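Here's the structure, in structure tokens; my notes come after.
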Amino acid sequence: MEEFGFGQGPIFRPDLASRNPDLVNEAFRQYASDWGIVRVGRLFQELHVPLTVVVNAEFFGRRPSVWKEFRSMLPNAPIVAHGMNNTTHMLPLRSGIAAQKAYIRRTLDLIAEATGVKPTGWSSPSVYANRDTMRAMAAEGVAYTLDQMDSDIISRLKTPEGSLILLPYPTVTVDMGQYLARMKTTREIEALWLDYVSELVIEARANPARGATTVVIGIHPFVVGTPDGALALRRVLLRLKSEDAVWLADVDAILQAAGLR
């Protein structure tokens, strides 16, 4: 759940971005937030599949009714802090660790005020962080992060301010990049997700003594919040639910199962 601001954010038609007003791309963003998020919530509720919510702190003030409707469907979904917004109020990466600590603290506090829950997880806006970010997270009591994309397993990062649990968030399993940058259709993304997980299942069965692998699949309402995107996601979730070697879980359940909670 991301907040971009009018005239900013993902662009579906780059050739129209110079228009003022750019009604086509603005409608693309508006539809995703106002219709897509709720559609995704209904889908996960209907299929009884756990979901983790990654949210910008400014989302609640801009779209309170969307949040209220979504939360009524999935009241126990864990919340991961995603910074203030995804365009104009991102991490102050060049301002030192103190500025990043203040930014993270403010984000966590605003989300706690809006939801009654202070997040213990962090995902930097646009997955854009640096070394100071990891230290700032640990200093502000963040327990886990999705900012690393280079592994198939949960790991732990040590910083001078404390340790962080890393949940791997593979670049290729994020629907937004596949959809907008690589121009993949929702059916192609569906096949990618199933192939990605299916190969891990094959590896697990070939080596049952190996530790469990973990995949964070990043979904955005711009992609899976459309009717065709939701149907593709529905097929993926139904297929994975039928696979006995796959466990669909939210971040809290994963960390608890790994003995890290």
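The values are calculated or read from the model by the stated rules, or taken from the named source; none is laboratory data. Computed from a predicted model, the values in this text were never measured in an experiment. All Cβ positions, glycine included, derive from the backbone under ideal geometry; neighbour counts span all protein chains shown. Accessible surface areas use protein heavy atoms only, side chains included; no ligands, DNA or RNA. Shrake-Rupley method; radii C 1.70, N 1.55, O 1.52, S 1.80 Å.
Step by step: first the residues of the stretch 225-253, then only those that are of a type in the set (Gly, Ala, Ser) and surrounded by fewer than 17 Cβ atoms within 10 Å (Cβ to Cβ), then the one that is farthest from Val40 (Cα to Cα). Which residue is that?
Ala245
Identify all residues within the stretch 45-65 that are assigned to a helix (DSSP H, G or I) and either polar (S, T, N, Q) or in contact (Cβ under 8 Å) with a residue 60 or more places away in the chain (or both); write none if there are none.
Result: Gln45, Leu47, Ser65.
Has the stretch 206-224 got at least one residue that is without any contact (Cβ under 8 Å) to a residue 60 or more places away in the chain, part of a helix (DSSP H, G or I), open to solvent by less than 70 Å² (accessible area, probe 1.4 Å) and touching a Gly at 6+ places or on another chain (Cβ under 9 Å)?
Checking the stretch 206-224: at least one residue is without any contact (Cβ under 8 Å) to a residue 60 or more places away in the chain, part of a helix (DSSP H, G or I), open to solvent by less than 70 Å² (accessible area, probe 1.4 Å) and touching a Gly at 6+ places or on another chain (Cβ under 9 Å).
For the stretch 141-170, which positions are farther than 27 Å from Lys101 by Cβ and open to solvent by 40 Å² or more (accessible area, probe 1.4 Å)?
Of everything in the stretch 141-170, those that are farther than 27 Å from Lys101 by Cβ and open to solvent by 40 Å² or more (accessible area, probe 1.4 Å) turn out to be Asp152, Ile153.
Mind counting the residues in the stretch 229-260 that are in contact (Cβ under 8 Å) with a residue 60 or more places away in the chain and closer than 26 Å to Thr145 by Cα?
Adding up the residues that qualify gives 13.
In the stretch 36-57, which residues are within 18 Å of the chain's Cα centre (by Cα) and either of a type in the set (A, V, I, L, M) or open to solvent by 60 Å² or more (accessible area, probe 1.4 Å) (or both)?
The answer is Ile37, Val38, Val40, Arg42, Leu43, Gln45, Val49, Leu51, Val53, Val54, Val55, Ala57.
Pick from the stretch 150-184 the residues that are in a loop (DSSP other than H, G, I, E, B), in contact with a helix residue (DSSP H, G or I) (Cβ under 8 Å, 6 or more places away or on another chain) and in contact (Cβ under 8 Å) with a residue 40 or more places away in the chain: which of them is farthest from Leu260 (Cα to Cα)?
Pro170
So, in the stretch 91-106, exactly how many residues are part of a loop (DSSP other than H, G, I, E, B) and open to solvent by 50 Å² or more (accessible area, probe 1.4 Å)?
Number satisfying all stated conditions: 2.
I'd like to verify a number: residues in the stretch 107-139 that are modelled with pLDDT of 95 or more, open to solvent by 10 Å² or more (accessible area, probe 1.4 Å) and assigned to a helix (DSSP H, G or I), how many?
Of the residues in that region, 11 qualify.
So which residues in the stretch 125-154 are in contact with a Ser or Thr (Cβ under 6 Å, 6 or more places away or on another chain) and of a type in the set (Gly, Ala, Ser)?
Residues satisfying the conditions are Ala138, Ala143.
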